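First the structure, in the form of structure tokens, and then the observations on it.
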Amino acid sequence: MLTRVHRNLLQYSNKSLPIATTTSSKSFINTQSTTPSKRNWDPKSIFPNEPGQVRVCGITMRDGHQSLNGGMHRIDLLEKASKLFDKIRPPTMKYPGCEEIGGGTTVDFPLRFKGENPFRNMEIISSNLPNTPTSALIRSDSLCGYNINPPDVVNAFITRYAQCGIDIFRVFDAYNNVDNQRAVSQAVLAANKHYQAAITFTSHEDETLFNDGWVGYMAESFAKLGAHSICIKDMAGIASPYLMKKWVLAIKSAVPELPVHIHSHYTTGFSPITYIQAIEAGASAIDCGISTLSGRSGHPAMEVFNQTLYDMGYDLGWDYKQALESMKCIADLYREYHERYEFCEMKMAGSVDYRVFTQGIPGGQISIMKNELVRNGYGHLFDKVIDQIQFVRTQVGGVALVTPTSEHVARQSIVNAMNGQDETNDNSPLWPGYSEMLRGVMGRPPSSPDHNLQKRALREYTIGLLKNKDLIINLDSYSDDLLNIIRDNIPNLVEFMWNFSEPIRNLRDAQDLEHRIQQLTTVDVNKYKIQINESTEKLKTLQNSNIATKEQDDKYTLLLKCQPDDNTYKQLIDNCGEIGKFVKENKLNKDDFLQIIKGSTMCTVCPSTILPNAMDKSRNEIEQIAVDKEFGIDDDSNIPQRDTQQFEEWAILQCMFKHAQNIAQFWFQNNQNNPQFWDKNFPTDFPFDRDEDSTTTTTTNAITNPIMYPFRTKVNIKSDQAEIIEWSNTELHRIFDNDIKKLNNLNQRLTQIKSQKEENENRKVLKQRALNKTEKEIDDLTKLIKQKIKTSIYNTQSHQAGYKINVDESIKINWNKCLAL
């Protein structure tokens with residue numbers, strides 16, 4: 001039974017909604033609702049796990065257009081597509097699989113390029129998919145952004161996304177670090193949604209690093225976190241059929257109770273064969289795009305695998321002929337829209353680019369990167385950027401190239417190419433995200449990064465802290481001489497902290513070696529005898545060196561939280577030279593000193609665990625932005641009230657994107673009343689689907705001629721009293737209806753503003769600003785209406801008819817009648 005909802009959820013975009021709550025006591029009846037927040041799919045009823053059953057899952061509405069059209073599809077197309085995709089699966093389909101609609105770039109691109117609300121988009125799309133579970137791709141603690149978020153932001157985003165209609169959360173970590181998924185997995189499970197843990201497929205110069213034992217260990221670890229299924233995420237299409245089959249077998253051997261879902265891209269040409277091999281090894285779901293948005297850096301076609309798997313005898317869960325008919329309509333829709341989005345299409349010399357196999361660039365990134373280079377006049381650097389990506393990746397520890405690490409490695413490669421370099425060196429500035437990777441604040445890489453680059457990143461970041469008032473809270477009170485001395489001593493501080501953290505780093509290396517020895521021994525002790533012996537010798541060397549105890553490890557973690565114990569704090573002060581001296585002399589505040597220490601040392605734990613909660617800070621930042629950027633003075637922008645769902649969404653977006661080119665701020669300021677702000681990102685002849693209501697309103701506003709009909713023709717000339725002109729309600733409606741509606745709306749707005757709370761000084765400023773603006777608009781409109789009434793009275797040309805008019809009384813009586821309309 002479907003629960004009905006308003007057809008167009010865009011009506012919520014300008015309303016202040018109360019904050020919804022999520023309870024963890026849902027019973028699962030597979031509620032197939034058109035109301036996003038009432039969807040209630042049983043997490044265990046989405047994917048089959050029996051031999052012979054496979055689900056062809058859709059990727060078109062998210063990764064499909066991200067990979068082939070740079071993520072630029074607008075909500076009008078996605079809304080039409082979602083209605084058609086829901087027709088593929090019958091309402092009674094058992095284990096229906098899913099359509100991916102969220103995550104990835106579907107949050108920042110609507111803000112950055114399209115001026116759309118990413119949460120409203122999810123509600124619109126999911127409301128059209130009652131028969132189809134929806135999925136979203138989540139970048140562990142980075143969520144859908146590029147920086148690590150603290151646990152309270154992670155929880156707020158996942159909870160809100162679930163309320164917007166997301167049923168499956170595919171969570172991956174670029175570092176393949178299990179702990180980095182912990183906070184997200186807890187939030188997903190608390191929302192009673194399907195947690196799909198993804199293992200990022202990657203290659204490494206050491207072919208034994210990502211062995212079968214490691215794959216099985218990862219699957220078992222995710223199962224302990226509560227995963228409902230395991231996904232192998234091959235974001236670049238570099239998994240050969242042989243390797244993918246090995247990975248699937250390793251997972252099914254380790255956790256046979258969990259379904260395996262395969263995601264790959266067509267870029268290298270492997271993926272169709274890879275899918276077949278994975279299915280034969282036990283995978284029960286694959287990701288495909290509709291045929292007219294498939295291939296190249298996209299994905300294998302749905303129609304092809306619908307037919308192929310049926311011919312091979314697999315149970316797809318649907319009637320393949322009926323499904324094919326539904327797919328044809330979707331293919332036609334995207335064929336119709338193809339020309340519209342040709343400006344951002346990923347064009348390749350052929351359908352396969354084998355360079356991706358050696359460089360490992362994700363399919364979802366390569367089109368975006370090329371579009372951005374062309375957009376900014378650097379398209380000629382594309383090949384040079386691609387050629388150095390793998391070495392730049394090696395310099396930062398050989399991490400998997402998947403967002404956000406692929407973004408940062410690509411950005412660093414672009415910076416290098418722009419500076420005439422083929423690698424990251426002292427002649428190339430460090431991209432901020434690449435610096436984060438070097439400093440360990442995004443995770444622990446599989447191999448050791450370039451130590452010189454790491455120390456450089458620590459030095460530059462710590463020096464940059466001396467300009468950051470958000471972290472160095474007493475910055476304004478320090479003299480320039482003091483700050484210059486601290487700045488000059490940063491290199492020595494970084495060297496000291498490098499040595500100080502060495503036992504902790506040795507401990508992490510030892511833990512990695514122990515896991516590696518165990519995994520290789522389990523897989524094939526004879527085949528990997530040389531590697532096992534090498535790892536054993538390295539482990540013995542570490543164990544005989546300066547290696548941290550658990551107590552020391554715990555103390556170092558407290559230091560990263562800026563909460564060191566007394567002995568550690570004293571040790572730092574005594575060994576930090578001039579900087580420590582300033583603390584003893586009370587010239588440098590303790591909290592500021594600890595921030596400098598934190599900035600100068602390596603992060604060795606799950607990054608989000610040492611971050612303070614940020615939602616409340618984000619709320620305050622939005623209000624400060626509104627005050628500083630003068631929201632509501634020269635425009636109609638405003639911010640939602642606290643304790644509304646809309647303001648909570650803004651706070652989430654502020655935390656996720658405040659370091660990303662101010663895209664959150666621009667969206668806050670322009671999304672309500674200036675949709676044309678983002679038109680520059682599209683061709684001048686792009687056929688935007690604007691709201692028809694706004695066009696109608698503009699036309700109505702243009703009717704301002706205050707000429708009344710019929711004119712008065714019978715006059716009592718003998719009367720000594722001046723005549724009072726009183727127009728009929730019909731005539732008043734014709735001329736003043738739009739103005740009076742606007743005046744009533746302004747008075748309603750004034751009442752609402754007066755009732756707003758003043759939780760802090762910024763809210764007080766914003767309230768007074770809104771009051772002043774609204775009162776002025778009311779006053780100006782009142783004068784305008786009265787002037788129109790006066791003009792209409794004079795237009796009767798009474799002097800030619802030989803009678804007098806009481807103008808003031810005529811204005812008064814018609815004004816009162818206008819107010820009563």
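The values are calculated or read from the model by the stated rules, or taken from the named source; none is laboratory data. The structure presented is a predicted model; accordingly, all values stated were derived computationally and were not measured. Note that each Cβ is placed from the backbone with ideal geometry, even for glycine, and that neighbours are counted across all protein chains shown. Keep in mind that these areas ignore ligands, DNA and RNA; they rest on the heavy atoms of the full protein, side chains included. Shrake-Rupley method; radii C 1.70, N 1.55, O 1.52, S 1.80 Å.
With the cut-off at 1.5 for a/c, could you classify segment 423-464 from its C-alpha gyration tensor as rounded, prolate or oblate? The partial results should precede the final answer.
Numbers: a/c = 1.71, a/b = 1.25, b/c = 1.37.
Oblate shape, in that a/c is at least 1.5 and b/c is the bigger or equal ratio.
Once you order the gyration tensor axes a ≥ b ≥ c over the Cα atoms, which shape class does segment 48-93 get: rounded for a/c under 1.5, otherwise prolate or oblate by comparing a/b with b/c? Before the final figure, lay out the partial values.
Details: a/c = 5.00, a/b = 1.69, b/c = 2.96.
Oblate.
If I model a spin label at E758 and N544 as a point 7 Å from the Cα along the Cα→Cβ vector, what separation in nanometres do I get?
Label-label distance for E758 and N544, simple model: 7.3 nm.
Using a Cα-Cα cut-off of under 16 Å, which lysines could be cross-linked to K680, ignoring same-chain neighbours fewer than 8 residues away?
K114
Show which aspartates and glutamates lie in cross-link reach of K790 when reach means a straight Cα distance below 18 angstrom and same-chain residues fewer than eight apart are skipped.
Output for K790: E723, E726, E731, D737, D739, D779, D780, D808, E809.
Set the Förster distance to 22 Å, then compute FRET efficiency between K94 and I273 from the Cβ-Cβ distance, nearest 0.05. Display every interim value, and only then the final one.
Values: r = 29 Å, r/R0 = 1.30.
Efficiency for this residue pair is about 0.15.
Any idea how far apart N452 and K561 come out in nm if each label point goes 7 Å out from Cα toward Cβ?
Here the modelled spin labels are 3.8 nm apart.
As an exercise, identify the GluC sites (Glu not before Pro) in segment 520-602 lying in DSSP coil whose Cβ has no more than 11 other Cβ atoms within 10 Å.
Answer in residue order: E585.
According to the square roots a ≥ b ≥ c of the eigenvalues of the Cα gyration tensor, what is the shape class of segment 230-306, taking rounded for a/c under 1.5, prolate for a/b larger than b/c otherwise, and oblate for the remainder? Each step should come with its number before you reach the end.
On the way: a/c = 2.28, a/b = 1.73, b/c = 1.32.
It is prolate, given that a/c is not under 1.5 and a/b is the larger ratio.
Ignoring ligands, DNA and RNA, what percent of the accessible area of the chain is carbon or sulfur (1.4 Å)?
Whole-percent figure for carbon plus sulfur exposure: 49.
Rounded to the nearest 5, what % of DSSP beta bridges with both residues in the chain are antiparallel? The partial results should precede the final answer.
On the way: 2 of 33 bridges.
The answer is about 5 percent antiparallel.
Order L819, L381 by their accessible area, 1.4 angstrom probe, all chains in place, largest first. Provide the component values of the computation, followed by the final result.
Numbers: L819 80, L381 20 Å².
Of L819, L381, the descending order of accessible area is L819, L381.
Calculate how steeply helix 451-465 sits against the longest principal axis of the alpha-carbon atoms of the chain, using the helix alpha-carbon long axis, and give the answer as 0 to 90 degrees to the nearest 10.
30 degrees
Run the reach check for K245 against lysines, Cα to Cα strictly under 18 Å, same-chain hits fewer than 8 apart removed. What comes back?
Within the straight-line limit of under 18 Å, K245 reaches these lysines: K233.
Work out the FRET efficiency for N816 and Q768 from their Cβ-Cβ distance, taking R0 = 30 Å, and round it to the nearest 0.05. It would help to have the intermediate numbers written out before the result.
Values: r = 31 Å, r/R0 = 1.03.
Computed FRET efficiency for N816 and Q768: 0.45.
Under the 0.36 nm per residue contour assumption, what length would be gained going from the current alpha-carbon distance of K328 and E630 to full extension? Can you show the working numbers first?
On the way: separation 302, 0.36 × 302 = 108.72 nm, distance 5.04 nm.
103.7 nm is the gain from fully extending K328 to E630.
Simple spin-label model, 7 Å along Cα-to-Cβ: K87 to N533 in nm?
Taking the simple label geometry, K87 and N533 are separated by 6.7 nm.
Give the residue from C818, V374, T134 lying farthest towards the positive end of the charge dipole for the chain; charges sit on Cβ (+1 for Lys and Arg, -1 for Asp and Glu) and the dipole is referred to the Cα centre.
Result: C818, furthest along the dipole toward the positive end.
Could you pull out the pairs from K94/K224; K570/K617; K538/K561 whose alpha carbons sit more than 29 Å apart here? Working shown, then result.
Working: K94/K224 26 Å; K570/K617 31 Å; K538/K561 31 Å.
Result: K570/K617; K538/K561 exceed 29 Å.
Which peptide among 74-85, 94-105 comes first, and what is the full order, when sorted by highest mean count of other Cβ atoms within 10 Å? Each step should come with its number before you reach the end.
Details: 74-85: 20.3, 94-105: 24.2.
Those peptides, ordered most packed to least, come out 94-105, 74-85.
Place a label point 7 angstrom from the Cα of T522 along the Cα-to-Cβ direction, then list the residues of segment 231-268 whose backbone nitrogen is under 13 Å away.
Answer for segment 231-268: 250-256.
Calculate, in nm to one decimal, what Q787 and L483 gain on full extension: separation in residues at 0.36 nm each, minus their alpha carbon distance. Don't skip to the answer; put the middle values down first.
Details: separation 304, 0.36 × 304 = 109.44 nm, distance 6.29 nm.
Gain in length upon complete extension: 103.1 nm.
Convert each backbone phi in segment 402-419 into a coupling constant with the Karplus relation 6.51 cos²θ - 1.76 cosθ + 1.60 (shift: θ = phi - 60°), then list the ³J(HN,Hα) values in order as whole Hz, x for Gly and Pro.
So the Karplus estimates, Gly and Pro as x, are 8, 4, x, 5, 5, 4, 5, 5, 5, 4, 5, 5, 5, 4, 4, 4, 5, 9 Hz.
Treating only the Cα positions of segment 554-658 as identical point scatterers, give the base-10 log of I(q)/I(0) from the Debye formula at each q in 0.16, 0.21 Å⁻¹.
-0.81, -1.02
Taking the Cβ of M61 as the centre, find all other residues whose Cβ is under 9 Å away and add up their charges (Lys, Arg: +1; Asp, Glu: -1).
On the way: positive: R62; negative: D63, E99, E100.
Computed value for this residue: -2.
Just subtract the alpha-carbon distance of D315 and Y378 from 0.36 nm times their residue separation and send over the number in nm, one decimal.
Details: separation 63, 0.36 × 63 = 22.68 nm, distance 4.86 nm.
Stretched fully, the D315-Y378 segment lengthens by 17.8 nm.
So what's the back-of-envelope 222 nm ellipticity for the chain, counting only DSSP H runs of four-plus at -39500 (n - 2.57) apiece and dividing by all residues, rounded to 500? Walk me through the numbers before you get to the answer.
Values: 31 runs with 404 residues, N = 821.
Result for the chain, helices only: -15500 deg cm²/dmol.
Quick one: ranking T774, T604 by accessible area, 1.4 Å probe, largest first, what do you get? Provide the component values of the computation, followed by the final result.
Details: T774 0, T604 25 Å².
These residues rank, largest area first, as T604, T774.
At R0 = 45 Å, how high is the FRET efficiency between D685 and Q748 if r is their beta carbon distance? Nearest 0.05 is fine. Walk me through the numbers on the way to the answer.
Working: r = 39 Å, r/R0 = 0.87.
The value I calculate is 0.70.
Calculate how steeply helix 729-755 sits against the longest principal axis of the alpha-carbon atoms of the chain, using the helix alpha-carbon long axis, and give the answer as 0 to 90 degrees to the nearest 10.
With both axes taken from Cα atoms, the answer is about 50 degrees.
Can you pull the accessible area of L771 for me, 1.4 Å probe, Å² to the nearest 10?
Approximately 20 Å² for this residue.
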